[in-house]
1. Inside segment 113-133, can you point out the residues that are in contact (Cβ under 8 Å) with a residue 12 or more places away in the chain and in a helix (DSSP H, G or I)?
2. Considering (1) part of a helix (DSSP H, G or I); (2) free of Cβ contacts under 8 Å to residues at least 40 places away in the same chain; (3) out of contact with any helix residue (DSSP H, G or I) (no Cβ under 6 Å at 6 or more places or on another chain), say which one residue 265 fails and leave the rest.
3. Can we say residue 66 is closer than 16 Å to residue 246 by Cα and not assigned by TED's automatic domain parsing to the domain that holds residue 328?
4. Of all residues in segment 188-207, which are within 24 Å of residue 88 (Cβ to Cβ) and assigned to a strand (DSSP E or B)?
5. On the given criteria, is residue 187 within 30 Å of residue 337 (Cα to Cα), surrounded by 17 or more Cβ atoms within 10 Å (Cβ to Cβ), assigned by TED's automatic domain parsing to the domain that holds residue 84 and touching a helix residue (DSSP H, G or I) at 6+ places or on another chain (Cβ under 6 Å)?
6. Quick check on my filter: what residues within segment 366-386 are surrounded by 14 or more Cβ atoms within 10 Å (Cβ to Cβ) and part of a helix (DSSP H, G or I)?
7. Among the residues of segment 294-314 satisfying the criterion of being closer than 12 Å to residue 366 by Cα and outside any loop (DSSP other than H, G, I, E, B), which is farthest from the chain's Cα centre (by Cα)?
8. Working only within segment 134-187, note down all residues that are more than 12 Å from the chain's Cα centre (by Cα) and part of a strand (DSSP E or B).
């Protein structure tokens, strides 16, 4: 049987063909007028895609590089910070803050759940210099209420809010300026449909001012240095030039989705993720499987609890060996307990139907339980119909 490799992971995600062509054909030196023109266009489009008036930067790194920068640039050793953590990427914030000598307080929630806003409010004191949180916790498939968290943080005039939107941008609504988000971070390998290697973000004036007084060491990830270079249409260090060409193509595609309006195209991208997520959840539940984050499910991905007596590692392996499809296992101690099906990147209705049809086969063959073939696909189609989206 012919098997096409397909990604159903929350990063990397399926690639946009036009971006692949752009990356393969781009070879300009980064200190030329040609690259400066591309770089300037990308920064302007990223700003519009995020939906902000704040300055934006694009770094050659994974999203974790920008996460590190948002700790090293905004804190000094001994600063008290608050991390809101409910999964592996929330735990990454904790590890990063400790690495730079911060005193870390946390508000935690069980994996698959989100935070108590009352507890967040109790932990927010004037001594807290920064609050770090995910928009979407992609290790568990949970979405956090960034707007409500931002409202609490904004009551403290000297506390900055930093949001890991690496999986959230392009999959959920995030009103950066209106909510008062000081730093929001995105990654190229998520909704924007190109390979890993670029991290982008928007930074408020409050955050820029903080950088002038903080004492943590920084070099490659010195955001002030990047801002100074960006003002001259350059990067501080050698950029991943071909990835910038791919990012430009991807942003052009998003603009086309909005009939010439990039912000409208972003909203179309978000609506697509929400639709595919709703279809996936309906299909999963029709199979008798349990959602791992049922109370606050993300649009970027759906996390599914492994059936009783089954190991999600076996399920993921079966997907790959039988269909050439890659779904994500649980991370660290969650490995074997859940699997994750993402619906972002260059991904649509038919991809959703296809992965659910494969899931029916995989569950039947790995668990031995009786499966009514077509039940997950039918439920997804009914969800599509009920949402009124065409």
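1. Of everything in segment 113-133, those that are in contact (Cβ under 8 Å) with a residue 12 or more places away in the chain and in a helix (DSSP H, G or I) turn out to be 117, 119, 120, 121, 123.
2. Of the numbered conditions (1) part of a helix (DSSP H, G or I); (2) free of Cβ contacts under 8 Å to residues at least 40 places away in the same chain; (3) out of contact with any helix residue (DSSP H, G or I) (no Cβ under 6 Å at 6 or more places or on another chain), the odd one out for residue 265 is (3).
3. Values: closer than 16 Å to residue 246 by Cα: no; not assigned by TED's automatic domain parsing to the domain that holds residue 328: yes.
It is false that residue 66 is closer than 16 Å to residue 246 by Cα and not assigned by TED's automatic domain parsing to the domain that holds residue 328.
4. 198, 199, 200, 201
5. Values: within 30 Å of residue 337 (Cα to Cα): yes; surrounded by 17 or more Cβ atoms within 10 Å (Cβ to Cβ): yes; assigned by TED's automatic domain parsing to the domain that holds residue 84: yes; touching a helix residue (DSSP H, G or I) at 6+ places or on another chain (Cβ under 6 Å): yes.
When the stated conditions are applied, residue 187 passes them.
6. Within segment 366-386, 366, 367, 375, 376, 377, 378, 379, 380, 381, 382, 383, 384 qualify.
7. Taking segment 294-314 as the starting set, the residues that turn out to be closer than 12 Å to residue 366 by Cα are 306-314.
So of that shortlist, the ones also outside any loop (DSSP other than H, G, I, E, B) come out as 312-314.
Numbers: 312: 23, 313: 23, 314: 26 Å.
The residue in question is 314.
8. Answer for segment 134-187, where residues must be more than 12 Å from the chain's Cα centre (by Cα) and part of a strand (DSSP E or B): 160, 161, 162, 183.
The values are calculated or read from the model by the stated rules, or taken from the named source; none is laboratory data. None of the values given here were measured: they were computed from a predicted structure. Backbone-built Cβ (ideal geometry, glycine too); neighbour counts: all protein chains shown.
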